[in-house]
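I have placed the structure first, in the form of structure tokens, so that the comments after it can refer back to it.
The values are calculated or read from the model by the stated rules, or taken from the named source; none is laboratory data. This is a predicted model, so every value here is computed, not measured. Ideal geometry is used to build each Cβ from the backbone, glycine not excepted, and the neighbour counts take in all protein chains shown.
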Amino acid sequence: YNNDEYMQLLTIKMWELSKVYNPQKSSLNSFLYARLNYFLIDLFRSHRSIETFDVAELDNLSNINYSFDDAQILYENFISQLSEKEQLWLQLKLAGYKQKELAEKLNCSISTLKNYQNRVKIKYNNYYFNK
């Protein structure tokens with residue numbers, strides 16, 4: 001989408017929301033702001049593409065000299081301790097996906113996602129705080 005399309009979608013949504021607005025519950029400004037804000041976030045999420053990279057491609061870059069700071073090295077070492085599914089879960093979670101969206105993208109159940117989350121938290125705490 002471009003800016004004009006987003007503006008058109010927001011205008012249509014605002015018109016739809018005006019039909020269900022109840023002035024006794026909140027002001028029109030706060031009602032529209034909250035609803036349109038979440039609508040726009042959902043639009044962005046539904047139309048973005050997650051950039052992933054193939055870990056095998058990193059072998060091609062091994063002969064190039066990079067200067068990494070300590071934080072980058074720590075992060076890469078931590079990520080290397082995660083399984084591929086845990087890495088993908090973390091990447092999508094940091095990109096802002098909700099549990100249901102994550103389950104669809106990773107083709108797994110919510111309980112499996114919770115397991116990924118718990119394992120990543122444990123590995124994170126062990127890596128950064130138990131050195």
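Observations, loosely collected:
- Output for the stretch 80-105, where each listed residue is assigned to a loop (DSSP other than H, G, I, E, B) and either in the same structural domain as Ile41 (by TED's automatic domain parsing) or farther than 16 Å from Arg119 by Cβ (or both): Ala95, Gly96, Tyr97, Lys98
- Tally of residues being of a type in the set (S, T, N, Q) and modelled with pLDDT of 50 or more across the stretch 19-66: 8
- Here Leu82 meets the list (1) in contact with a helix residue (DSSP H, G or I) (Cβ under 6 Å, 6 or more places away or on another chain); (2) surrounded by 13 or more Cβ atoms within 10 Å (Cβ to Cβ) almost entirely, failing just condition (1).
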